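Peer 1: My structure is below; once you've seen it, I'll send some questions.
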Amino acid sequence: MSDHTTLQTTVANIFPDLVEDLRNLVRIPSVSAPAFDQQHVADSAQAVADLLTKQGIDDVRIVSAGQSRPAVLAKIPAPEGKPTVLLYAHHDVQPPGDESSWNTPPFEPTEIGPRMYGRGAADDKAGIIAHLGALRALGDDLGVGVTLFFEGEEEIGSPYFTEFLAQYREELRADAIVVADSANWKVGVPALTTSLRGLVDCVVEVEVLSHAVHSGMFGGPVLDAVTVLARLIATLHDADGNVAVSGLVQGAEPAVDYTEEDFRADSGLLGGVELAGSGTIAGRLWTKPAISIIGFDAPSVALSSNTLTSRAQAKVSMRIAPGQDPAQALEALRSHLLENAPLSARVTVHDGELGKPFLAPADSAAMRAARAAFAQAWGTDPVDIGIGGSIPFIADLLEVYPDASILVTGVEDPDSRAHGANESVDLVELQKVVLAEALLLSNLAQKTGE
Ligand SMILES: [Zn+2]
């Protein structure tokens with residue numbers, strides 16, 4: 001079995017080729033959002049499959065389930081008595097957004113200092129490179145069974161994930177699952193993501209009049225629908241900015257200290273704007289619910305006229321804490337909106353998504369193997385972090401494979417700007433990620449199947 005220094009040297013030797021592989025993947029604009037050309041998603045599936053075939057893996061397939069976008073499934077059988085590890089990443093990316101906000105072309109990988117810029121350079125083509133790199137580094141010393149599953153539609157919410165699990169249930173079965181689609185704590189400090197918030201949403205509609213009327217003739221005794229909806233939205237938080245919907249789960253305060261200074265820098269909060277809510281910042285992000293208004297339909301300023309708007313609607317998005325049941329959370333939100341209708345206006349709530357949160361067990365053999373590998377690769381102990389965002393399919397994985405250890409590992413750092421303009425990956429960190437994953441697999445190989 002390869003020891004730490006041998007592996008470190010091997011990873012250093014193979015890393016330039018891995019960076020070249022990453023560049024080639026970033027050049028494929030594999031945006032899974034339906035408005036974009038889906039041929040690019042097919043091309044990226046093919047490019048990823050080719051990399052795995054070139055790696056010497058015999059069983060590499062491009063697969064789909066239902067109407068899904070193409071995923072890549074590859075298998076290396078487990079040696080007798082050894083565990084199988086499922087390595088997950090996704091090859092689709094977010095749309096580039098407003099290209100004028102990018103300093104470099106989104107689909108032309110550009111290296112500046114230690115970072116490679118480009119859409120997908122971090123999220124999540126770096127995840128693919130982490131898995132591929134670990135296999136390349138270990139070569140014939142792999143010592144565990146490996147299943148690779150690279151999804152092509154994570155960025156549109158993995159709509160066919162449960163179909164994949166149903167169709168490939170036995171092929172995807174594993175003792176441990178490594179999801180390389182999260183972030184490390186900061187450059188130089190690795191992390192294991194042990195909690196994720198879930199997500200529920202709804203559209204709330206307010207009606208006050210059967211039709212729009214002259215705001216001079218009728219304004220005064222009647223409040224327009226936009227004002228009423230704004231007042232209703234304002235009830236969702238208390239005066240300090242804490243979520244005011246009752247009956248929602250709140251988790252314990254995390255052990256990690258996320259300073260206000262770091263949060264302000266990471267989020268781009270404008271100078272002088274105060275923070276909302278109470279408790280630690282990490283707690284507000286990871287273990288408490290949060291509500292945002294992500295869409296609002298009302299007359300635009302350009303098309304406004306002097307009328308009382310009869311109807312308005314908003315999309316309410318609520319992040320829910322680990323341990324919260326999504327259906328109960330949506331019910332609590334719905335009840336709050338209906339019970340707080342200002343002036344008894346007509347309020348209708350249209351239910352939306354139900355995404356489950358995730359909370360890892362306090363400890364497991366696979367988590368210990370991962371922490372030991374991270375500590376070796378970085379020379380510093382990893383921290384447990386939560387993520388305020390959601391990866392709903394993780395809950396689906398846990399439901400189908402309740403005995404599997406799920407390890408959510410990072411390829412991003414706080415400045416990676418996944419989904420935003422100028423997305424990037426720190427290549428010095430990525431090399432450590434590859435080494436850490438090789439060490440993790442090698443640690444798992446030293447155990448017999450669980
Ligand atoms: Zn991702």
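Peer 1: So how far apart, in nm, are the two label points at residue 98 and residue 42 if each is 7 Å from Cα heading toward Cβ?
Peer 2: 3.4 nm
Peer 1: What is the fewest-to-most order of 153, 437, 20, 170 by other Cβ atoms lying within 10 Å of their Cβ?
Peer 2: So the residues, fewest neighbours to most, are 170, 20, 153, 437.
Peer 1: Over the alpha carbons of segment 25-184, what is the largest minus smallest coordinate on each principal axis, giving the biggest first in Å?
Peer 2: Cα extents, longest axis first: 54, 39, 28 Å.
Peer 1: Length gain on complete extension for the stretch residue 108 to residue 328, per 0.36 nm per residue less the alpha carbon to alpha carbon distance?
Peer 2: Between residue 108 and residue 328, full extension yields 74.7 nm more.
Peer 1: Across every pair of different alpha-carbon atoms, what Kirkwood hydrodynamic radius in Å does the chain reach?
Peer 2: It works out to 23.5 Å.
Peer 1: Oh, and also: If I take R0 = 22 Å and measure r between the Cβ atoms of residue 171 and residue 446 in this structure, what FRET efficiency does the formula 1/(1 + (r/R0)^6) give, to the nearest 0.05?
Peer 2: E(calc), rounded to 0.05, equals 0.30.
Peer 1: Additional query: Quick check on the exposure proxy: order 217, 318 from fewest to most C-beta atoms within 10 angstrom.
Peer 2: By the 10 Å Cβ count, ascending, the order reads 217, 318.
Peer 1: Calculated from DSSP H runs of 4 or more alone, at -39500 (n - 2.57) each and per residue, what is the 222 nm mean residue ellipticity of the chain, nearest 500?
Peer 2: Estimated from H runs of four or more residues: -10000 deg cm²/dmol.
Peer 1: Amide H to amide H under 5 Å from residue 277: which residues, 5+ apart in sequence or cross-chain, H placed 1.01 Å off N in plane?
Peer 2: Amide H neighbours of residue 277, under 5 Å, 5+ apart: 241, 242.
Peer 1: Still on this structure, I have one more. For the residues 4, 90, what sequence is obtained by ranking on other C-beta atoms within 10 Å, fewest first?
Peer 2: 4, 90
Peer 1: Then there is this: Give the residues of segment 373-394 whose amide nitrogen is closer than 12 Å to a point set 7 Å from the Cα of residue 364 in the direction of its Cβ.
Peer 2: In segment 373-394, the label zone of residue 364 (backbone N under 12 Å from the point 7 Å along Cα→Cβ) covers no residue.
Peer 1: Counting pairs of alpha carbon atoms under 8 Å apart in space and at least six apart in sequence, what relative contact order in percent does segment 387-450 give?
Peer 2: 18 percent
Peer 1: In whole percent, what relative contact order does the chain give with Cα contacts below 8 Å and a gap of six or more residues?
Peer 2: 26 percent
Peer 1: If you don't mind, another one. Work out from phi, with θ = phi - 60° and the Karplus expression 6.51 cos²θ - 1.76 cosθ + 1.60, the ³J(HN,Hα) of each residue of segment 111-117, listed in order in whole Hz, and give x for Gly and Pro.
Peer 2: 9, 10, x, x, 9, 9, 9
We did not get these values from a lab; they are worked out from the coordinates using the rules stated. Since we're looking at a predicted model, the values are computed, not measured. Cβ coordinates were reconstructed from backbone atoms using ideal geometry, including for glycine residues, and neighbour counts include every protein chain displayed.
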